[in-house]
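Here is the structure we will look at, set down as structure tokens.
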Amino acid sequence: MAVEAGYSPDDIARATHSPMRITELWGNEAAMWSGWVEHFERLCAHEDERLRRIGEAGKAQVSHLLDDARRRERREAVYGLE
């Protein structure tokens, strides 16, 4: 429905995970984003091209968040919490 309403694949993908960025997280943030990457990867293989484009957009978005979380967690493991 969102595609038919004119929303872009980037907007649709971002709407699925954006609230996660503002919530306080407990545990391993990188593991959480890794799960999101896996979910979007499944969409990348969908038979519907519109859903594949959403999957590709979402995977790119959360891959950046995963990389950031890994860097931050590595820094915290080495230097402690700031």
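Structure summary
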| quantity | calculated |
| --- | --- |
| Any hit, region 40-47, residues being hydrophobic (A, V, I, L, M, F, W, C), closer than 24 Å to Ala5 by Cα, at pLDDT 90 or above and exposed (fewer than 11 other Cβ atoms within 10 Å of the Cβ) | yes |
| Every pair of residues 6+ apart whose Cβ atoms lie under 6 Å, when the first sits in region 6-19 and is closer than 9 Å to Ile54 by Cβ while the second is buried (at least 16 other Cβ atoms within 10 Å of the Cβ) and among the aliphatic types (A, V, I, L, M) | Pro9/Ile54; Pro9/Ala57; Asp10/Ala57; Ile12/Ile54; Ala13/Ile54; Ala13/Ala57 |
| Test result for Met20, touching a Leu at 6+ places or on another chain (Cβ under 8 Å), at pLDDT below 95 and closer than 29 Å to Leu81 by Cβ | no |
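The values are calculated or read from the model by the stated rules, or taken from the named source; none is laboratory data. Since this is a predicted model, take the numbers as computed values, not measurements. Because the Cβ atoms are built from the backbone with ideal geometry, glycine has one as well, and the counts that use them run over all protein chains shown.
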